[in-house]
Structures are given as C-alpha cells and as structure tokens.
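The values are calculated or read from the model by the stated rules, or taken from the named source; none is laboratory data. Just so it is clear, the model here is predicted, and its values are computed rather than measured. Neighbour counts run over all protein chains shown; Cβ positions are idealised from the backbone, glycine included. Note: accessible area is taken over every heavy atom of the protein model, side chains too, but ligands, DNA and RNA are not part of it. Shrake-Rupley method; radii C 1.70, N 1.55, O 1.52, S 1.80 Å.
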Amino acid sequence: MSNNQARSHRNVPGRVERLGFRIDEETKDLIERAAHLSQRKVSDFCVTALADTARRTIAEHETLVLSNRDREAFFNALMNPSEPSERLTRAIAEHRRRIPS
C-alpha cells in the first residue's frame, strides 16, 4: 500500500509543513518516555501535545470570564442602557461631521 493510500485509509490529513527546534537531553528523554507510555510515536505525541496546548492558549486569550457581579453589571448595562452623556453626544456629532455616511 502506498503512503497516499495508507493516509487516506486512516483518514489522516497529510503533513507537509515542518517545525524544527532543539531541546535538551532531559526534555527529550521526558517526551520519549511519555510517548512510549501512551504507545505513540514521538512525532505524533509531540504534534498532538503542541496542538492541544496551542488550542488551550488561544481559548484562554479569546475567552472572557466574568464574576457574577461583573456579569450582572454587564447584563444590566445591555438591558437598561443609560442615556449618552453630553460628551459622548458631542463626540458622535463630531464623528458624523468628519466622516459622513
């Protein structure tokens, strides 16, 4: 069976990009041990671990967590917005003057 057939048979996307870096011996041993314990190839183990960490990092930076008090204040501001201040009203008028729609 050719590589392409094997890849499509397993329904695994092809890997065409490379990412290379150097690590110390202790870290390499740690990764190899973890890969062995999870019965996976080192490269598969590393790709999965890196992708999982990347997803978590992105989620942490793109997710806003509010306390109950903050959530209530936000909801109340949406449901019962206050009247715009005089300063905001002037800023909106100036914006409309400078940038006509």
On C-alpha positions alone, give me the angle between the axis of helix 86-98 and the longest principal axis of the chain, in degrees, nearest 10. 70 degrees
For the stretch 43-101, with all protein chains present and a 1.4 Å probe, just round the carbon and sulfur fraction of the accessible area to a whole percent. 58 percent
Magnitude of the charge dipole, the chain, Cβ model with Lys/Arg +1 and Asp/Glu -1, debye to 20: 500 debye
What number comes out for accessible area per residue over the chain if the probe is 1.4 Å? Units Å², please. 101 Å²
Of the options ASN80, ILE99, ALA59, report the single residue whose Cα projects farthest towards the positive end of the charge dipole of the chain (beta-carbon charges: Lys, Arg +1; Asp, Glu -1). ILE99
In terms of the Cα gyration tensor, with a ≥ b ≥ c the square roots of its eigenvalues, is the stretch 44-101 rounded because a/c is under 1.5, prolate because a/b exceeds b/c, or oblate? oblate
